[in-house]
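A.B. asks: This structure is in structure tokens; I'll ask about it shortly.
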Amino acid sequence: MNQQQRPPFSSQGQTGIGQGGFTQQAGQQIQPPNKQQLNPQNQQAIQQGFQQQQQQQQQQQQQRASGFVPPQNSLVQSQPRIGPIGPGPLNANPIQNQSQQPGFRPQFAARPPNNGNPSLPQNNIQNAIYRAGSNSPAPSLIPAIGASIPLAGGSAPPVISPSSSLQSQPPNPSNSQSFSYSQIQQSNSLPRQQPAVVSPENAQNIPSAIVGRRAYPQQPPPQQFQNQQNQQNQQFQQQGYGAQPGPQIQQPRIGQPPQQGFMQPAAVPQFGSIPRPPQFGSTQQPVPFGAQPPGFGPPAQQQQFGFNGPQPGFPQQQQPQLGIGQQQYGANQLQNGLQNMNLGSGNAAPQSQQAQAAVNLLQRVPQVSELETLTPPPNMSSQLSVSQSPHAICPPVYKRCTLNSIPQTQALLNKTKIPFGLIVTPYRSLLPGEEAVPIINPPQIVRCRRCRTYINPWVQFVEQGTRWKCNMCFLTNEVPAFFDWDSESRQQVDRMKRFELTHSVVEYIAPQEYMVRPPQPVVLLFLIDVSFAAVQSGMVDTVSKGILKYLDDVPNTDGRTKVAFITVDSTLQFWNLSSSLSEPQMLVISDIEDAFLPLPEDLLVTLTESRSVVEKLLANLSNLSKATQNNQNCLGRALQIGLKLIGSIGGKIVIFQGSLANLSEGALKLREDPKILGTPKEVALLQPASPFYKAFAVDCSRAQITIDLFAFNSQYLDLATLSGLTKVTGGSLYYYPLFNPANPQSIQKFETELQNFLSRPLALEAVLRVRASKGIRMTRFHGNFFLRSTDLLALPTVNPDNSYGIEMEIQDNLQTTTACFQTALLHTTSNGERRIRVLTLTVPVTDGLGDIYNKADQYAIAALLAKKGVEKCLLSHVEAARDELVSQLCDIIGSYKATFTSSGQNAMLILPENLKLLPLMIMSILKHIAFRTSGITPSDVRTNAQSLMCVYPCEAFMPNILPRFWALHSMDAIAGTLDDQTSQPIFPPRLNLSSEKLERHGLYLLDNGVDLFLWVGRSISPELCSLVFGVPTYENIIPGKLALPRVDNDWNKRVWNLIEYIERVRVLTMTIFPGFYVVKEDGDAGLRMAFLVNLVEDKLDSGNSYPLFLAYVREKLNKPSGGLF
């Protein structure tokens, strides 16, 4: 090629490096490399690259006759060509972009400037130019070299030195403007630097052939790359996307944020704001809400981490593209793409360290519909278990971990800032349609000889199945013969069908060696307050009638159940219920300071033998105490006598309290001060006023006695002190503020909860132990129990409603691929059978931050943080607990951003898809009664809320902090009807908790886990009033706490189906029968506020709206002195 045929962008002879590492000069044929110097396995790839270079050379020579422009590379961000670098006419006819052709793969031409040949010019800038158009793979990266590039014509091109250091030519004094690229280091020996950012104004003065170019070494590509690329292209073609358009963007390395592509803006539209206008060079139109921009790529690519593609949710702009049909890549993205193809410096983050598609919280409205299932991210495949049974995965309703992919080291765990713990509900009540826990009665309970782990689906059989390897300590143990041979039928059996190997939750019938004493019977001691306040409130009459009504529901299958009654005011009143008596006999002890047990044999009687006497007592109890004027109550002394009565056996003490215990041991005073509510001094009201009750509870726990408290709040009761009885002994607190016996709703709530309390299965004299894989240690426990040792919880009676939060740490580095957590609950059933319930959870172990974040369980995290927050409230004050919750959230977001984003994305609040609702949950916890900064919340109300927060399982916790909200007036034909398969009602779509969803003509149902609210808009149609309420107009609807009328029509029946199902589930999960309130839009202000406070996404007196909360979190993250990270 003569001088006149040279490209207009260079006045020098063109030089470059071919794919195989050989040199080429303008006008010369391409010479293949010396094959003796190459790895034999790469010779075929190099030969293919040589042939394709020859074809490209011929094509370019034919096109240069009419003027030549280097082909644009889809892998390089470049501006449209503005003008020539050297002398020559402006090219107006660029060739077609080869990157748009199917099967296009980039080919790079780069080498040290003279390649060791002194005859070649040192200052040829084309030595660093990418060449495009080949399907051959790319070579590995070396340190990229940049130089100062004069922007005005007439000066010599810069020198690119073959050394690793940056050697720029001194600037030309005659040049009025210059542009410098900083060196981007790709090797392990040199520090990584950020590339220079080019503004749109300066980009016009930079030659398009120079922008973004990097140099590459003479190294043949690995042979396996071509096979890998062919497979990727075939997958793309099968999905209908054609050949893969260049290397995919690789995730950032651990500890290094991903770099933005060239000319990509970092600013992001804020929550609810108008999207940014198209940036410089953009040819894309704004993407509609929820739409996918055309040509963005297959779904697999869209799930890659980064922000080049729009996320579902708020409208977004696609990032600018510098050529129609081209993909844009920056220098760092190009490097990442090569590293994803196993090329480059070899330091690319493995797949386990990559994060999934992140969600910018500022651009997305929370999707509350995802809260219906509470499904954690998948952790293990059941196919990896020894039996490959689908039941080998532990159901999350029994046990769930905050991390479904556990880091190998504590240092890696600390970097994530995510709390590491378990939420365990070992003895939960079954919901309709759920399978019962399999019961096993083996000849021998198979356990590991060293760590005492029970055999489970995640063990391994070795030595031809004769031994099994423990998945905790990896000791091999013998397999008993009955696993393969049934001695009774004398037949061979399939061991893989045994429940121990197929189910992660099983229950063993324990043999004699698991019993310290004969199984205890069911023992119930009822302590009933009969002081003046309790009688006047209607509590005594309601309690006595309720116990009498549900006496048949008390567990008594073996006929051993025992009961006793003590009534309390300023005296102790014992009741002789001997079966030999026709009427109950009252024994009164007035000198409570020297109290004793009169007739102890006749006070605790067998229910079956003394049933008639017990019924007479309950029928006449309210009349016997009706005329009392006694305002004192000696609860403390009654508890001491009760311990003497049943201490030798164990059982349950059930307290019905309606007044303040103000006499004798444990006497309490009225200390409620409205002036300090909502202030830091309020913590004094939330802490016990007397140490007596907690010390007494410890004694009861040792005697296998559980205390349950039913509190009727006609006045201040000091629940902060009395709740210690239930917390230490594993009991429950049931609270009825402003109890009104004249309201049928109040009576129904108490009776329903009492019936479930008396009838549910009992697990007596139990202990709970949690085992974990070697290297993992339990550090803290949350819930109602007595901690007997570091990993042993004493539970005199297991409450099916209670869950237990367990914090853990990684003490030693985990050397295995999985970690196991096994919970064993040894207990006695109500019919006297000793059993062991075993729950086994297996979780993979990883060394990648991406896996840890992608597998985090946001529901378990929120529940564990709430339990920790309650403890912080009692140790410090409410405001300190609120600050700690926000700091925990900021730590998680900040750590995630520091790992997976660049500095240009500081304005974002991002989390992975599986954690996107965590900020909403934390904000809702802050607005919960347990943590709300309110000066009108009584201390008893806050204490009850905190007590429930400590024991909530995730299934009851989530509706309590994020109520469920439905529009009933817009229900379709199937909403409210029963599903044919599950017999459960079909709920309408769930709405966000915002008043923006309220319409004047609407009818809405809200469930906050404790109460149900039916909101009626003032413009509701008369027809809907008639269908639902049975009244003609809105004015005829009666608001308040009352039952919804039953009207004989389909619409009313469907609404009742929804209400009854919610009530049934709440009673089974937490023994809470929700109260029902009808709220009119212009009705009572107190009712309206009780409803509106549940719309947590709005701004109320107790906190900011969700967008303002996110803005507060972002401000806290951006504070340099925050010290969060």
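The values are calculated or read from the model by the stated rules, or taken from the named source; none is laboratory data. Computed from a prediction, not measured in an experiment: that's the story for all the values here. Counting neighbours? That spans all protein chains shown, and the Cβs are built from the backbone with ideal geometry, glycine included. What goes into the accessible areas is simple: the full protein's heavy atoms, side chains included, and nothing from ligands, DNA or RNA. Shrake-Rupley method; radii C 1.70, N 1.55, O 1.52, S 1.80 Å.
A.B. asks: For a quick check: with amide H placed at 1.01 Å from N, whose amide H comes under 5 Å from Trp575's, ignoring anything fewer than 5 positions away on the same chain?
C.D. replies: Amide H neighbours of Trp575: Phe565, Leu587.
A.B. asks: Return the long-range amide H neighbours of Ala819 (sequence gap of 5 or more, or a different chain), with a cut-off of under 5 Å between placed amide H atoms.
C.D. replies: Here Val843, Val845 satisfy the definition.
A.B. asks: Percentage of Cα-Cα pair distances in segment 1053-1124 greater than 14 Å, rounded to whole percent?
C.D. replies: The share of Cα pairs beyond 14 Å in segment 1053-1124 comes to 75 percent.
A.B. asks: Now a separate question. Between segment 972-1001 and segment 924-965, what is the separation of their alpha carbon centroids in Å?
C.D. replies: Segment 972-1001 and segment 924-965 have Cα centres spaced 25 Å from each other.
A.B. asks: Which of Gln491, Leu403, Gln512 sits closest to the plus end of the dipole of segment 383-525, meaning its Cα is farthest towards the positive end, when Lys and Arg get +1 and Asp and Glu get -1 on the C-beta?
C.D. replies: The residue sitting most towards the positive pole is Leu403.
A.B. asks: Spin-label point model (7 Å from Cα, Cβ direction): what's the Val462 to Leu874 distance in nm?
C.D. replies: In this crude spin-label approximation the distance works out to 4.5 nm.
A.B. asks: What's the carbon and sulfur percent of segment 825-936's accessible surface, probe 1.4 angstrom, rounded to a whole number?
C.D. replies: Here it works out to 48 percent.
A.B. asks: Shifting gears a bit: Along each principal axis of its Cα atoms, how long is segment 744-792 end to end? Whole angstroms, biggest number first, please.
C.D. replies: Largest to smallest, the principal-axis extents are 56, 20, 18 Å.
A.B. asks: Here's something else I'd like to know. Taking 7 Å along the Cα-to-C-beta vector as the label spot, tell me the Asn1036-Thr817 distance in nanometres, rounded to one decimal.
C.D. replies: Label at Asn1036, label at Thr817, 7.0 nm between them.
A.B. asks: Any idea how far the Cα center of segment 515-534 sits from the one of segment 662-702, in Å?
C.D. replies: Taking the Cα centre of each part, segment 515-534 and segment 662-702 sit 23 Å apart.
A.B. asks: Let me ask another. Can you tell me which aspartates and glutamates have their Cα less than 14 Å from the Cα of Lys997? Leave out same-chain residues fewer than eight positions away.
C.D. replies: The reachable aspartates and glutamates, counting only those whose Cα sits under 14 Å from Lys997, are Glu1081, Glu1097, Asp1098.
A.B. asks: Which entries in the list Lys417/Lys675; Lys469/Lys497; Lys681/Lys1080; Lys562/Lys644 go over 27 Å, if you measure between the two C-alpha atoms of each?
C.D. replies: Cα-Cα > 27 Å for Lys417/Lys675; Lys681/Lys1080; rest within.
A.B. asks: Multiplying the sequence separation of Asp883 and Asp486 by 0.36 nm and subtracting their Cα-Cα distance, what value in nm do you get?
C.D. replies: Going from the current span to full extension adds 136.8 nm.
A.B. asks: So, one more: Whenever you get a sec, compute what percent of the accessible area on segment 979-1125 sits on carbon and sulfur atoms (1.4 Å probe).
C.D. replies: Result for segment 979-1125: 50 percent of the exposed heavy-atom area is carbon or sulfur.
A.B. asks: Can you compute the modelled spin-label distance between Arg769 and Ala1090, with each label point 7 Å from Cα toward Cβ, in nm?
C.D. replies: Using points 7 Å along Cα→Cβ, the separation is 4.8 nm.
A.B. asks: Which whole-Hz couplings ³J(HN,Hα) result when phi for each residue of segment 951-964 is put into the Karplus expression 6.51 cos²θ - 1.76 cosθ + 1.60, θ = phi - 60°, listed in order with x for Gly and Pro?
C.D. replies: My calculation for segment 951-964 gives 10, 5, x, 4, 5, 9, 5, 5, x, 6, 9, 10, x, 8 Hz in order.
A.B. asks: How large is ³J(HN,Hα), in whole Hz, for each residue of segment 828-843 in order, when computed from phi with the Karplus curve 6.51 cos²θ - 1.76 cosθ + 1.60 and θ = phi - 60°, using x for Gly and Pro?
C.D. replies: 3J(HN,Hα) across segment 828-843, in whole Hz: 10, 6, 5, 9, x, 9, 7, 9, 10, 9, 10, 10, 10, 10, 10, 10.
A.B. asks: Would you work out which of Pro912, Thr937, Pro963 lies farthest towards the positive end of the dipole of segment 902-974? Charges go on Cβ: Lys and Arg +1, Asp and Glu -1.
C.D. replies: Comparing the listed Cα positions along the dipole, Thr937 ranks first.
A.B. asks: I've got another one for you. Give me, ordered by chain and number, the residues 5 or more places off Leu968 or on other chains with an amide H under 5 Å from its own placed amide H.
C.D. replies: Leu1003, Tyr1004, Leu1005
A.B. asks: So what J values fall out for segment 1093-1101 if you push phi through Karplus, 6.51 cos²θ - 1.76 cosθ + 1.60 with θ = phi - 60°, rounded to Hz, Gly and Pro as x?
C.D. replies: So the J values, rounded to whole Hz, are 5, 7, 7, 6, 7, 8, 8, 10, 4.
A.B. asks: Right, next: What whole-number distance in Å separates the alpha-carbon centres of segment 793-810 and segment 747-784?
C.D. replies: 6
A.B. asks: Here's a follow-up. Quick one: length gained pulling Gln536 to Arg450 fully straight, 0.36 nm per residue minus the C-alpha distance?
C.D. replies: 24.8 nm
A.B. asks: Sort largest first and round to whole Å: the equivalent ellipsoid semi-axes of segment 808-906, each the square root of five times a Cα gyration tensor eigenvalue.
C.D. replies: Ellipsoid half-lengths, sorted descending, are 34, 24, 11 Å.
A.B. asks: For segment 554-627, calculate the relative contact order in percent as a whole number, restricting contacts to Cα pairs under 8 Å that are 6 or more residues apart.
C.D. replies: Rounded, it is 33 percent for segment 554-627.
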